[in-house]
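Worksheet for the structure shown next.
Please treat every number below as a calculation from the coordinates, not as lab data. As the structure is a computational prediction, the values presented were derived from the model and not from experiment. Glycine also receives a Cβ, built like all others from the backbone with ideal geometry; neighbour counts cover every protein chain displayed.
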Amino acid sequence: MGKKKTPATAALRALRAAGVDFTEHAYDYVPRGGTASSAAALGVDEHVVVKTLIMEDEARAPLVVLMHGDQAVSTKALARQLDKKAVQPCDPAVAEKHSGYQVGGTSPFGLRRAMPVYVQRTILDLERIYLNGGRRGLLVNLPTAALVQVLGATPVDCAR
């Protein structure tokens with residue numbers, strides 16, 4: 001029996017095109033299970049599982065925030081750092097429209113629409129991370145440096 005093939009996603013295509021060294025990790029997706037569920041399924045620390053959040057500023061301009069799975073975003077701290085009046089999570093339908101991904105399967109790679117990407121600064125202290133591979137039930141493990149090198153992610157301090 002051969003290895004089970006994972007369907008290609010825009011994220012996987014973008015990672016391959018950028019020459020990023022990554023591995024795919026499929027797991028049984030649990031609705032509303034979040035990073036706690038995916039970390040448990042893969043047997044890894046939730047702190048190294050990075051969630052991709054689609055947010056918007058007061059002008060409804062979308063942006064991406066990458067945060068440790070075991071932490072939350074302080075939207076007030078983020079807004080201050082971005083010199084915005086407010087930042088808030090997008091409605092799920094709006095997030096899907098901006099990203100091209102189903103909520104629960106959003107990756108910062110291969111987005112439908114170009115958006116600025118912000119990464120919690122402490123994530124960059126990790127050597128490798130897990131993040132969504134572009135569909136529910138799929139994480140990729142990759143070098144953290146790819147977030148800056150490929151995405152141009154800007155470090156911020158927005159953990160709550």
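Here are some notes:
- Dipole check for segment 103-160: with +1 at the C-beta of Lys and Arg, -1 at the C-beta of Asp and Glu, and the Cα centre as origin, the magnitude is about 320 Debye.
- Each pair of Cα atoms in segment 10-156 enters the Kirkwood radius, and Stokes-Einstein at 20 °C and 1.002 mPa s then converts it into a translational diffusion coefficient of 142 µm²/s.
- Estimated [θ] at 222 nm from DSSP helical runs (n ≥ 4, -39500 (n - 2.57)) normalised by residues in the chain, nearest 500: -6000 deg cm²/dmol
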